[in-house]
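*Asks:* Structure incoming, see below.
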Amino acid sequence: MRIEVKTPEQLKLMRRAGLVVAEGLSAMADAATPGTTTKEIDDVGREVLARNGATSSFLNYGAEYGVGFSGVACISVNEELVHGVPGARVLADGDVVSIDFGAIVEGWHGDAARTFIIGDASDEDSTLVEATRGALWAGIEKVRAGARVGHVSRAIDEFVRAQPRRYGTLREYTGHGIGSQMHMAPDVPNFHKHGPSPKLGVGMAIAIEPMLTLGLHQTSVCEDDWTVVSRDGSRGAHWEHTVAITEHGVWVLTAPDGGQAELAARGVTFGPLAD
Ligand code: MG
């Protein structure tokens, strides 16, 4: 399938969407305290979208196929891995909370996720969150013009396998191309697959999003038709960024600094576009 190639002007709109996503994730994480419901956190995301004149990538998503998503953020707690529907669930000390958030600015999408722990974290949960974040950046490190999607997938897989502990990597859910729609070609799996994969080039953007569990990788979907849980009840983490390739290098559109610091630490050329 053809991968959408963006003009510099379109990538700049995606950067604006990415900054709204970053602001929303930060505000929602700040609001996530013990006693808060996931619906209240979703409301914070709605305020950030409204304040910036942006709309939601997630709200009503999938309505044409069944139950449209009812929130602007996916908020997944503990054994909920991804696609958690905001609602009455009350956050408690020690909960592992993943928030995935998307924004549209002038028709262009940004999509990112992060996981954090409420209050006191167990060592095991902290390690899970850090390993998943590390896997995301191991994947981002491989993005460049001429690289293949398979290089990104393999880097994530190898990073996870190199950890001192075993993790489950979700297989049914992957990263994706992004731009004029949230989910576009190509799929970006979080595990290594033999065989050819699409080549990346200037003007392309992909959302990279490793999803790990402390147990096995098998999942189930809840009766709400959305919330994905681990079958063995193990906790999960999910980190995601929208990453673009410009004529100058790599631009992490959903990172507040565009990825500058992390890319420099990894020897990757930072390639923002000037306004
Ligand atoms: Mg995504």
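*Asks:* So is residue 221 at pLDDT 95 or above and open to solvent by 40 Å² or more (accessible area, probe 1.4 Å) or not?
*Replies:* Yes; evaluated as a whole, the condition is true for this residue.
*Asks:* Here's something else I'd like to know. Name the pairs: first residue in the range 177-193 and within 12 Å of the ligand (Cβ to nearest atom), second residue at pLDDT 95 or above and of a type in the set (Asp, Glu), Cβ to Cβ under 6 Å, at least 6 apart or on different chains?
*Replies:* 178/111; 182/111; 184/4
*Asks:* Does residue 167 meet the test of being within 11 Å of the ligand (Cβ to nearest atom) and over 16 Å from residue 1 (Cβ atoms)?
*Replies:* So residue 167 does not fit the description; no.
*Asks:* Restricting to the range 226-266, name every residue that is open to solvent by 50 Å² or more (accessible area, probe 1.4 Å) and either touching a residue at least 40 places away in the same chain (Cβ under 8 Å) or touching a strand residue (DSSP E or B) at 6+ places or on another chain (Cβ under 7 Å) (or both). Steps first, answer last, please.
*Replies:* Let us first name the residues in the range 226-266 that are open to solvent by 50 Å² or more (accessible area, probe 1.4 Å), namely 231-232, 235, 247-248, 256-257, 260-261, 264-266.
The answer is 231, 235, 247, 256, 260, 264, 266.
*Asks:* For the range 32-53, check the following and say yes or no: at least one residue is outside any strand (DSSP E or B), open to solvent by less than 10 Å² (accessible area, probe 1.4 Å), within 30 Å of residue 216 (Cβ to Cβ) and within 16 Å of the ligand (Cβ to nearest atom).
*Replies:* No, the range 32-53 contains no residue that is outside any strand (DSSP E or B), open to solvent by less than 10 Å² (accessible area, probe 1.4 Å), within 30 Å of residue 216 (Cβ to Cβ) and within 16 Å of the ligand (Cβ to nearest atom).
*Asks:* Being part of a loop (DSSP other than H, G, I, E, B), modelled with pLDDT of 95 or more and among the basic types (Lys, Arg): is that true of residue 166 here?
*Replies:* Yes; evaluated as a whole, the condition is true for this residue.
*Asks:* Still on this model: Does residue 113 satisfy being in contact with a Cys (Cβ under 9 Å, 6 or more places away or on another chain) and of a type in the set (A, V, I, L, M)?
*Replies:* yes
*Asks:* Looking at (1) touching a His at 6+ places or on another chain (Cβ under 8 Å); (2) part of a helix (DSSP H, G or I); (3) of a type in the set (A, V, I, L, M, F, W, C), can you tell me which one residue 182 breaks?
*Replies:* (2)
*Asks:* Restricting attention to strands (runs of 3 or more DSSP E) lying wholly within the range 195-275, give those where 2 or more residues are hydrophobic (A, V, I, L, M, F, W, C).
*Replies:* Fully inside the range 195-275 and qualifying: 205-208, 211-213, 228-230, 241-245, 250-252.
*Asks:* Out of all the residues in the range 108-131, is one or more within 15 Å of the ligand (Cβ to nearest atom), out of contact with any Pro (no Cβ under 9 Å at 6 or more places or on another chain) and of a type in the set (S, T, N, Q)? It would help to see each step written out before you state the result.
*Replies:* Of the residues in the range 108-131, the ones within 15 Å of the ligand (Cβ to nearest atom) are 108-115.
Narrowing the set further to residues that are out of contact with any Pro (no Cβ under 9 Å at 6 or more places or on another chain) leaves 108-115.
Remaining after also requiring of a type in the set (S, T, N, Q): 115.
The answer is yes, given that some residue of the range 108-131 is within 15 Å of the ligand (Cβ to nearest atom), out of contact with any Pro (no Cβ under 9 Å at 6 or more places or on another chain) and of a type in the set (S, T, N, Q).
The values are calculated or read from the model by the stated rules, or taken from the named source; none is laboratory data. Nothing here was measured: the structure is a model prediction, and the numbers come from that model. Glycine also receives a Cβ, built like all others from the backbone with ideal geometry; neighbour counts cover every protein chain displayed. Side chains are part of the model used for accessible areas, which takes the heavy atoms of the whole protein and leaves out ligands, DNA and RNA. Shrake-Rupley method; radii C 1.70, N 1.55, O 1.52, S 1.80 Å.
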